[in-house]
1. Please compute the net charge surrounding residue 355, taking Lys and Arg as +1 and Asp and Glu as -1 over other residues with Cβ under 11 Å from its Cβ.
2. For the chain, just list the percent of Cα-Cα distances falling in each 20 Å bin from zero outward, please.
3. For the stretch 22-39 and the stretch 300-348, what is the separation of their C-alpha centers, rounded to whole Å?
4. Among DSSP bridges having both ends in the chain, what percentage is antiparallel? Round to the nearest 5.
5. When the chain is fully extended, how far beyond the present Cα-Cα distance does residue 287 get from residue 39, taking 0.36 nm per residue of separation?
6. Under 18 Å from a point 7 Å along the Cα-to-Cβ line of residue 51: which residues of the stretch 19-39 have their amide N that close?
7. Under 1.5 on a/c is rounded, so check that first for the stretch 255-389, then, if it is not, pick prolate when a/b is larger than b/c and oblate when it is not; a ≥ b ≥ c are the square roots of the alpha carbon gyration tensor eigenvalues.
8. Find which of 166, 4, 25 sits farthest along the positive direction of the dipole of the chain, computed with +1 on the beta-carbon of Lys and Arg, -1 on that of Asp and Glu, about the Cα centre.
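Nothing in this text is a laboratory measurement; each read-out follows from the coordinates by a stated rule. These numbers come from a predicted model, not from an experiment. Note that each Cβ is placed from the backbone with ideal geometry, even for glycine, and that neighbours are counted across all protein chains shown.
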Amino acid sequence: MPATRVAKTANEAFAEAMRQINPDVVAAYPITPATEIVQLFSQFVAEGKVKTEYVTVESEHSAMSACIGASAAGARTLTGTSSQGLAYMWEMLYIASGLRLPIVMGVVNRALSAPINIHCDHSDTMGARDSGWIQIFSENVQEGYDNFIQAMRIAEHPDVNLPVMVTTDGFILSHCLEGMDLSADSDVTNFIGEPPVRTTLLNSEKPLTLGAIDLQDYYFEHRRQIAEAMKRSLNVIPVIGKEYGETFGREYGFFEEYRLDDAEIAIVLLGSTVGTAKDVVDQMRASGKKVGLLKLRVYRPFPFDALKSALSHLKVIGVVERSDGLNASFGPLYPEICATLYGTSSQPKILNYIYGLGGREVKEQDIEDIFVNLISARDTEVKSLLTYIGVRE
């Protein structure tokens, strides 16, 4: 059936995707700016539009705990959160992945306290980057919706069985209306399909124990199994992205290359700022500058080989991040891009830029200044590998 063109915020788009998935259980605790996701979904439950058991809890820690219990019992399970709520789930994030539970969570990127801030940066999800969750970032409302639907298939794939968080940027996307194509309910139902058979707590034919103590004899092997499942998801994610494109007309991979093929200078970044950066690339191309960008969509698993192939021809790269390593020398993405390109035959110069913390506005001029700096760095000695953009020094 044809899609319906609608105006939605990213929170509304997440809620619509959840409704169309029609999960067995949603357990959630509201937090700004993600509150509307579960608020709107709770209304769908109240109106009988889904079969979901909606569990109201007293905290985000409890929300993820309830999701873990539900998923372990075999329920298709979803939730949503942001910032301090994600941080409050920290302990349980590792348990969800360690127990290989296909939970899908919508996360609205928001700064972590202190000081208290409710606006966008990526410090919350970057802090959870090594918790064993697959992480998918969204440039716009349409991608948030599409990514959430794909996430259910990815999480439940028998070669994966890992939780997935799909992110959008706080207020920039979560509360701003954009045009998007809302797919027909029946098409999403058919794409998602029935959950694959997996061993659960309620399978009396094959009883199992979850959460048992796991000391020196087996812990190492079990952690390695999570890493191997993450590696296997590298094969699963593009296949599902291609199938999604065949069904709905929008295909997805690990990243998007924008005017990158013949570029000499490029930036790597995630999230909603990509839209602004694309405009700047177009403007600079019009003035004869060979610039481009790579939008990283899938951050975990980190698509090492694919990124090396896409970036190795460049002369200079700027890794542009909306989070800061604080006690590290650089942002969290920068060292991974450096490691990806380490030892290549003509290793590019790689510089790091931190911007937009706590929702600080990023303008086209800021992105252009980054490109100008990168162009200058091509033929001159770089005095500093790290630059803060838009901060009052």
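1. Working: positive: 322, 360, 363; negative: 121, 321, 324, 361, 366, 369.
Summing Lys/Arg as +1 and Asp/Glu as -1 gives -3.
2. Values per bin, smallest distances first: 28, 57, 14, 0.
3. Taking the Cα centre of each part, the stretch 22-39 and the stretch 300-348 sit 34 Å apart.
4. On the way: 11 of 51 bridges.
Antiparallel: roughly 20 percent of the beta bridges in the chain.
5. On the way: separation 248, 0.36 × 248 = 89.28 nm, distance 4.74 nm.
That pair, residue 287 and residue 39, stretches by 84.5 nm at full extension.
6. Inside the label zone: 19-27.
7. Working: a/c = 1.19, a/b = 1.01, b/c = 1.18.
Because its axes are fairly even, with a/c under 1.5, the stretch 255-389 counts as rounded.
8. Result: 166, furthest along the dipole toward the positive end.
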